[in-house]
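Worksheet: the structure to be examined is printed underneath.
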Amino acid sequence: MTPLEIFEKIAKDIPRCSKNANQMRDFIVSWAKNAGYTAQTDDVDNILCQKNKPKICLQSHYDMVCVGDVNQIKPIIKDGWMSAEASSLGADNGIGVAMMLALMEHFDDVEFLFTSDEEIGLIGAKNMGLSISSDKVLNLDSEEEGAIYVACAGGVDISATRQYETASVDGDFYEISLRGLPGGHSGVDIDKKIPNAIIELAKALKSKNALVSSIKGGEKRNSIPANASAVVCLQNSDGLDGFEIKACEKAKIIKDSGGLLDMLCNAPNGVFEMDFELGIPESSANLGLVSLEGGKCEIIYSLRSMKLREMNSYEEEIGSYLSSFGYKVAKNDFYEPWEWSADEFCIFVKSVYKKYFLNANFKAIHAGLECAALKKHFPNASFASVGPNIENPHSINERVEIASVEKTYEAIFEILRQVCA
């Protein structure tokens with residue numbers, strides 16, 4: 001089967017949302033054993049498939065960010081691209097997984113590492129309980145053909161909670177919703193001026209002096225929020241063009257509605273600094289999730305930086321900002337940046353890629369690649385990351401270019417052929 005045929009089967013038939021990918025784990029193990037490989041798993045469901053004496057390791061994560069109706073993903077092919085009907089597609093990183101499964105029948109001296117729960121904090125990579133045998137690792141989780149990634153951002157999630165006092169008031173209550181904004185990846189799309197639904201809703205409510213009862217905004221911590229809604233008390237609902245407005249029953253409001261809306265309106269969000277040499281953001285933050293119910297508010301940020309020092313500085317700045325509004329702040333899922341490296345293996349990958357992609361070159365990405373976490377477990381290994389053209393990951397607009405998958409697969413095949421010769 002071709003990688004695209006394998007991927008389409010995976011997308012249609014096998015659920016693999018983060019924390020709910022056991023069926024995908026079992027599918028990979030079964031596939032590998034049928035291809036004559038051993039398949040080891042560890043306590044966090046990473047999978048290592050080996051045969052003979054591996055000379056190179058291919059690596060992908062098998063979970064996906066699930067946005068929209070993912071109960072049964074329906075792939076659509078149009079104008080040379082594959083997408084999904086009303087949901088994320090899971091090409092990130094299902095295409096890499098499919099390529100690896102397809103390659104198993106062609107090589108005996110390659111090992112295949114499938115990692116778990118990458119999308120919720122690099123869980124598998126950070127808690128690796130398996131040991132690879134080779135000293136070269138080719139990660140297949142990049143999203144631009146011809147690019148050889150040799151650096152990535154580190155990241156940390158910042159969570160904040162506060163219990164507000166509530167009160168009963170007279171007046172008209174409405175559910176105000178903002179839906180269907182573009183959304184996108186909180187790293188690679190953060191510099192594209194995509195509006196954040198949480199902040200846009202907060203600005204609209206502040207302009208109306210709304211008294212807030214509840215808020216629910218965002219989809220995933222690492223997605224730019226596309227949807228947000230709130231139950232509020234308003235004097236009138238005029239002037240809220242572009243918002244869905246529904247009358248609803250009275251509910252208790254929080255006493256410090258103004259303070260909450262001020263905090264959300266002015267929250268640090270977006271790109272803080274650019275790396276103009278690499279042409280990517282150096283440091284950024286995404287206000288990803290907000291939930292207010294019964295007076296209890298929880299906020300989750302995703303902070304990224306290409307440099308550890310800057311990431312620590314912005315983490316402190318955002319924490320101080322949230323604390324100034326009475327929130328208790330904690331950090332979770334920290335991972336270090338993978339700093340710029342162009343060693344012998346990377347140079348070799350580039351030399352092969354030049355034969356397939358005229359403009360092949362080294363790049364860095366403002367997002368977390370597992371290479372950073374895996375490098376800590378396998379310090380003597382060299383890493384590079386490649387992949388086909390994938391657009392709008394972590395959103396219902398995700399799509400992958402079919403010709404790019406085929407060409408990238410050919411280039412990876414040639415890399416393996418030369419390494420294993």
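A short reminder: the numbers here are calculations on the coordinates, not readings from a lab. The shown structure was predicted, so the numbers you read here are calculated from the model rather than taken from an experiment. Positions of Cβ are backbone-derived with ideal geometry, glycine not excepted, and every protein chain shown enters the neighbour counts.
See the values below:
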quantity: Distribution of pairwise C-alpha distances over segment 112-196, 5 Å bins, in %; calculated: 2, 7, 12, 15, 17, 12, 10, 7, 6, 4, 3, 3, 1, 0
quantity: Neighbour-count order for H394, H61, H106, fewest beta carbons within 10 angstrom listed first; calculated: H106, H394, H61
quantity: Positive minus negative residues near A21 (Lys, Arg vs Asp, Glu; Cβ under 12 Å); calculated: -3
quantity: Under 16 Å from the Cα of K55 - lysines, other chains or at least 8 residues apart; calculated: K136
quantity: Relative contact order (%) - criterion: Cα under 8 Å, at least six apart; region: segment 156-334; calculated: 34
quantity: Counting DSSP beta bridges with both ends in the chain, the antiparallel % (nearest 5); calculated: 80
quantity: The chain: relative contact order in percent, alpha carbon pairs under 8 Å with at least 6 residues between; calculated: 24
quantity: Relative contact order (%) - segment 358-421, alpha-carbon pairs under 8 angstrom, separation at least six; calculated: 18
quantity: Where GluC sites (Glu not before Pro) fall in DSSP loop in segment 18-120, at most 15 other Cβ within 10 Å; calculated: E85, E105
quantity: Cα-based equivalent ellipsoid of segment 156-334: semi-axis lengths in Å, sorted from largest, via gyration tensor; calculated: 30, 18, 12
quantity: Viscosity 1.306 mPa s, 10 °C: Kirkwood-radius Stokes-Einstein D of the chain over Cα pairs, µm²/s; calculated: 71
quantity: Selection from S168, F107, S83 lying farthest towards where the dipole of the chain points positive, charges on Cβ; calculated: S168
quantity: Lysine pairs with alpha-carbon atoms under 17 Å apart, segment 195-256, spacing 8 or more or separate chains; calculated: 7
quantity: Neighbourhood net charge (12 Å Cβ-Cβ; Lys/Arg +1, Asp/Glu -1) for A330; calculated: -2
quantity: Backbone N within segment 272-297 under 15 Å of label point (7 Å from K252 Cα along the Cβ vector); calculated: 292-297
quantity: Farthest positive-ward along segment 246-303 dipole, Cα basis, beta-carbon charges - from P268, G288, A251; calculated: A251
quantity: Rounded if a/c under 1.5, otherwise prolate or oblate - segment 376-421, Cα gyration tensor axes; calculated: oblate
quantity: Separation of alpha-carbon centers, segment 286-333 and segment 154-197, rounded to whole Å; calculated: 13
quantity: For K55, residues with placed amide H under 5 Å, excluding near neighbours; calculated: V110, E111
quantity: Those Cys residues of the chain for which no other cysteine Cβ falls under 4.7 Å; calculated: C49, C57, C152, C233, C248, C265, C297, C346, C371, C420
quantity: Separation of alpha-carbon centers, segment 338-411 and segment 87-116, rounded to whole Å; calculated: 14
